[in-house]
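J.: Shown below is the structure under consideration.
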């Protein structure tokens, strides 16, 4: 069905100015977050400090748009910065996407 068909509204994205918000525990890293799209694929980006290494892991939010992502123990072997996106567009965002806040984690501590 065409989005131009009568009674069909085109898909639009709406979000607050802050977007999704994440936090992470220390040691064995668990990323938790809110403000994502419900039941939606989320990409968690891990950028390792001092290196040009970026890892991307995929998780799914719950029906309330909450994220709980236990990272593999090998994912953080030095200081790293973690962000997440549910792929909503944001022309001002990195690669045109809306990203969460950045959280810096330290391995094991």
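The values are calculated or read from the model by the stated rules, or taken from the named source; none is laboratory data. As the structure is a prediction and not an experimental result, all values here were calculated from the model. In this analysis, Cβ positions are derived from the backbone assuming ideal geometry, glycine residues included, and neighbour counts consider all displayed protein chains.
J.: How about the stretch 33-71: which of its residues are free of Cβ contacts under 8 Å to residues at least 12 places away in the same chain and touching a strand residue (DSSP E or B) at 6+ places or on another chain (Cβ under 9 Å)?
T.: 53, 54
J.: Restricting the stretch 66-95 to residues that are farther than 12 Å from residue 44 by Cβ and modelled with pLDDT under 90, which is surrounded by the fewest Cβ atoms within 10 Å (Cβ to Cβ)?
T.: Ranking the qualifying residues of the stretch 66-95, first place goes to 74.
J.: Just one of 18, 23 is in a strand (DSSP E or B), surrounded by fewer than 16 Cβ atoms within 10 Å (Cβ to Cβ) and at pLDDT below 95; which is it?
T.: 23
J.: Using the structure shown, decide if residue 3 is modelled with pLDDT of 90 or more and exposed (fewer than 12 other Cβ atoms within 10 Å of the Cβ). Full working, then the answer.
T.: Details: modelled with pLDDT of 90 or more: no; exposed (fewer than 12 other Cβ atoms within 10 Å of the Cβ): yes.
For residue 3, the condition - modelled with pLDDT of 90 or more and exposed (fewer than 12 other Cβ atoms within 10 Å of the Cβ) - is not met.
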